[in-house]
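A quick write-up on the structure given underneath.
What follows is calculated from the coordinates using simple rules that are stated; it is not laboratory data. This one's a predicted model, so the numbers in the text were calculated from it and none came from an experiment. Cβ placement follows ideal geometry from the backbone for every residue including glycine, while neighbour counts extend to all protein chains displayed.
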Amino acid sequence: IIEVTYFNVQINAWLNVWYGDFYNLIQSAIAQPGSTSFDEYLGKIITVAVVLVPAITVQVLNLFFSAHYVFRWRRAMNFYYMANWPSVRHIEGASQRIQEDTQSFSGIVEGLGLNIIDSVMTLLVFLPLLWGLSQNITELPWIGPVDGSLVWVALVSAAFGTALLAIVGIRLPGLQFANQRVEAAYRKELVFGE
């Protein structure tokens, strides 16, 4: 799964370069009619198709294998918790809680894990590109001259965004827990009329 994520990041980096070449070709064709042949245009389209068809196939397979891995992991967690079933059997809705909690936990871990890996790999792949582009932007507003300015802007923006989301989202687990307690009390009221 990690290797396929790296592969997809590399495809994105290649596409970034391809878009630049392709739009330069279009721009030169518009600026100087007749300077670009249809074969050049078609060659660019065929090249991207040859790269994207296997890349999309690999992405679909990766989604399948990720879902399969999470399903097997969730099943293993269910079996682990069901081994403790005699001690929690008397609790109302325990079987539903086990199923929902393992589903929720595995989904969250999968989403966070894959997103973190994808973000770090994207950052590592695009940092050299940003460093190269920084040669054209030598000075930042309010700061002055900075070597690798775009790299520092990307890193500071990523750190700021991560910190902001952490601050905003820190209360979400507690709110979700309180919401589950209210829902459980409501279900109990519906069932027992208490």
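Computed quantities for the displayed model
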| read-out | value |
| --- | --- |
| Helical segments meeting 27 Å axial Cα length and Kyte-Doolittle 0.0 threshold in the chain (DSSP H) | 2-31, 38-82, 94-133, 149-169 |
| Hull volume in cubic angstrom per residue (convex hull over the Cα atoms of the chain) | 206 |
| Counted charge near residue 183, where neighbours are those whose Cβ lies closer than 12 Å (Asp, Glu -1; Lys, Arg +1) | +2 |
| The chain: calculated mean residue ellipticity at 222 nm from DSSP helix runs of at least 4, using -39500 (n - 2.57) | -29500 deg cm²/dmol |
| Amide hydrogen neighbours beyond the local backbone of residue 140, cut-off 5 Å, H modeled | 146 |
| Pairwise centroid distance, computed over Cα atoms, of the range 35-76 with the range 90-164, Å | 23 |
| Charge context of residue 29, other residues only, Cβ under 14 angstrom, K/R +1, D/E -1 | -2 |
| Cα principal axis extents for the range 21-70, largest first, Å | 54, 16, 9 |
